[in-house]
Ligand SMILES: C[S@@+](CC[C@H](N)C(=O)[O-])C[C@H]1O[C@@H](n2cnc3c(N)ncnc32)[C@H](O)[C@@H]1O
């Protein structure tokens, strides 16, 4: 049986076949290589087998958050992200529970003839109906607000109040702090070329899992999902094909947090 709260080096599809039983994982948060945008340490990546294996190891009602964006090739976006989402639904059997976006406040690849690329997709796939849904609310604590109501005689009245608690359920576009020392405060993580923000991982963990659940990242890179699972009392499993990322980033990074 696989040990929880550990990192593993390996090609993920093979690693899952060798190590994970069916219906084992509650939540996966992962980000595959985006087309050929980055030259990682010699990865092989086949999204079809990866998605099929993820379906097998996910519990009924479990969720896979698939964070992805497209590159531009020969003047056109590749739309690989959508191909992957359609494959996950049509061929693998996942529900597409939500197509969410994360909006960055830094722009890594400005192009001269396009608007600044600010969003990436966060496809929330579920195996059947999600078994855990803890929708987060807007961060509006303690803000002064006013509401206007129309009276029966057509006049209006204004009520001023201070929100002592969080207000409504969030939108499905999440604004995330990105860029050096904003994606994470862990300097060591920037040895990896493409991490997603810690806040993104944390907020999905809180949304789609409960304490003690198993949170998986089969392409864990700098270990962002694993760190946030650890800090939020979930069990994690992190796999990456790169020995260097696991040994020189993930392990020392988590050790800073009492792992
Ligand atoms: C976009 S990065 C993930 C970054 C991660 N989400 C984070 O925040 O640190 C993709 C990672 O997938 C790994 N990778 C690519 N193909 C893989 C495979 N077949 N099996 C395991 N890891 C793979 C790469 O080494 C790279 O670290």
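For the chain, the relative contact order comes to 25 percent (Cα pairs under 8 Å, sequence separation of at least 6). Enter the angle in degrees (range 0 to 90, nearest 10) between the Cα long axis of helix 198-208 and the first principal axis of the Cα atoms of the chain, meaning the one along which they spread out most. So the helix axis and the longest Cα principal axis differ by about 80 degrees.
By the Kirkwood approach, averaging reciprocal distances over each pair of separate Cα atoms, the range 1-96 gets a hydrodynamic radius of 14.5 Å. Helix 47-57 axis versus longest C-alpha principal axis of the chain: approximately 80°, rounded to the nearest ten.
What share of the DSSP beta bridges in the chain is antiparallel, in percent to the nearest 5? Before the final figure, lay out each step's value.
Numbers: 24 of 43 bridges.
Of those bridges, close to 55 percent are antiparallel.
With r as the distance between the Cβ atoms of residue 112 and residue 3 and R0 = 41 Å, compute the FRET efficiency 1/(1 + (r/R0)^6) and round to 0.05. Kindly include the intermediate steps, with their values, before the conclusion.
Working: r = 50 Å, r/R0 = 1.21.
That pair, residue 3 with residue 112, gives E of 0.25.
Taken over the chain, the convex hull of the Cα atoms encloses 175 Å³ per residue. Computed from label points 7 Å out along Cα-Cβ, the spacing between residue 23 and residue 177 is 4.2 nm. Within the listed set 125, 101, 236, the Gaussian network model of the chain (springs between alpha-carbon atoms below 10 Å) gives the highest mean-square fluctuation for 101.
Which one of 59, 74, 83 has the biggest mean-square fluctuation once the chain is modelled by GNM with Cα springs under 10 Å? Of 59, 74, 83, the Gaussian network model singles out 74 as fluctuating most.
Taking the chain as a Gaussian network of alpha-carbon nodes connected by springs under 10 Å, the highest mean-square fluctuation of the residues 29, 188, 237 belongs to 188.
FYI, it's all coordinate maths here, none of it is from the lab. Everything quoted here is computed from the prediction, not taken from an experiment. Cβ coordinates were reconstructed from backbone atoms using ideal geometry, including for glycine residues, and neighbour counts include every protein chain displayed.
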